[in-house]
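Take this structure first; my questions come after.
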Amino acid sequence: MIFDSHAHYNDSKFEDRDTLLSSLFADGVGAIVNASVSVVDSKRTLELCEAHPNMFAAVGIHPSDIDKVGRLDSAVSEIEALAAHPKAVAVGEIGLDYYWEPYDKDKQKAFFISQLELARKINMPVVIHDRESHGDVDEIIRAFPDVKILLHSYSGSAEWARELTKAGRYISFSGVVTFKNARKAVEAAEVVPIDKLLIETDCPYLAPTPLRGSVNHSGNLLYTAGRLAEIKGISLEDMLSITFENACKFYNIDKSMLTDISGKEIL
Ligand SMILES: [Zn+2]
């Protein structure tokens, strides 16, 4: 069974998302967490999760979307209200992005910290987006040792991955780990303890090799899991079941509550 720990099925590239999701859930995908980037997107994610029993929501405001929301305090209270929905399992994706210009570092940090404080208050795990901002992300999350944190589509160094996982953080790899030039991601994957490892598509983006450039979906995680299994020297079946368990543990999802996943074979 596949657990896609980070996807964006609200994206307009998914023209018939409900049909696609139904076929994925009928065909080896056990659970998906859909990450949101704004208040509006979080609402749409929750609607999608209401339609698909094994789909769960991360609700939050992405650093590149903070200009589309209003005042920080009112936006974060809206996220707090949405996080009370029974299908909401995490705050995310939140963080810092110093890649897409122009960006306002101070404003990004304010939204990031305020949503971390929300997660601590409501006792929810957090999914972090970190692009070209490792140093500041590291500094900020150090103030939240008690919050359960996942670094999604990890792009930092092996050394930082070692420190993060020692501090109890989780790390998720996307299709990037299958790319030919993925040396950095592969080195990081090598040092992440198996009980802190998750897999994700970040779809529709980051389709793994050999599907690079196509519209990605959760079924393609077989390639990502296959590459990680190779790196870790375990079987694909073990990689899928270990990352499934890890994701359930991270998101506090009771596996027995998932609908109709027992006895389904994908390999
Ligand atoms: Zn994402």
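Among what's in the stretch 230-259 and is at pLDDT below 95 and under 28 Å from K13 (Cα atoms), pick the residue that is surrounded by the fewest Cβ atoms within 10 Å (Cβ to Cβ).
Step by step, filter the stretch 230-259, then rank; the result is T259.
If the requirement is being assigned to a loop (DSSP other than H, G, I, E, B), of a type in the set (S, T, Y) and within 19 Å of the chain's Cα centre (by Cα), which of these qualifies: S172, S153, S241?
Of the residues listed, the single one that is assigned to a loop (DSSP other than H, G, I, E, B), of a type in the set (S, T, Y) and within 19 Å of the chain's Cα centre (by Cα) is S153.
Given (1) at pLDDT 95 or above; (2) over 20 Å from the mean Cα position of the chain (by Cα); (3) of a type in the set (D, E, K, R), identify the lone condition not met by R227.
Here R227 clears every test but (2).
Also, quick follow-up: Any idea which of K196, K184 is in contact with a Ser or Thr (Cβ under 6 Å, 6 or more places away or on another chain), under 22 Å from G233 (Cα atoms), surrounded by 15 or more Cβ atoms within 10 Å (Cβ to Cβ) and of a type in the set (K, R)?
The conditions single out K196.
Quick grid of which residues meet (1) over 27 Å from N252 (Cα atoms); (2) more than 16 Å from the chain's Cα centre (by Cα):
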| site | (1), (2) |
| --- | --- |
| E78 | no, yes |
| K87 | no, no |
| K107 | yes, yes |
| R131 | no, no |
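Are there any pairs with C-beta distances below 6 angstrom linking a residue in the stretch 1-23 that is more than 19 Å from E93 (Cα to Cα) to a residue that is within 13 Å of the ligand (Cβ to nearest atom), with the two at least 6 apart or on different chains, and if so which?
Filtered contacts from the stretch 1-23: K13/P204; R17/Y9.
The values are calculated or read from the model by the stated rules, or taken from the named source; none is laboratory data. Everything numeric in this text was worked out from a predicted model, so none of it was measured. As a convention, Cβ positions derive from the backbone with ideal geometry for all residues, glycine included, and neighbour counts pool all protein chains shown.
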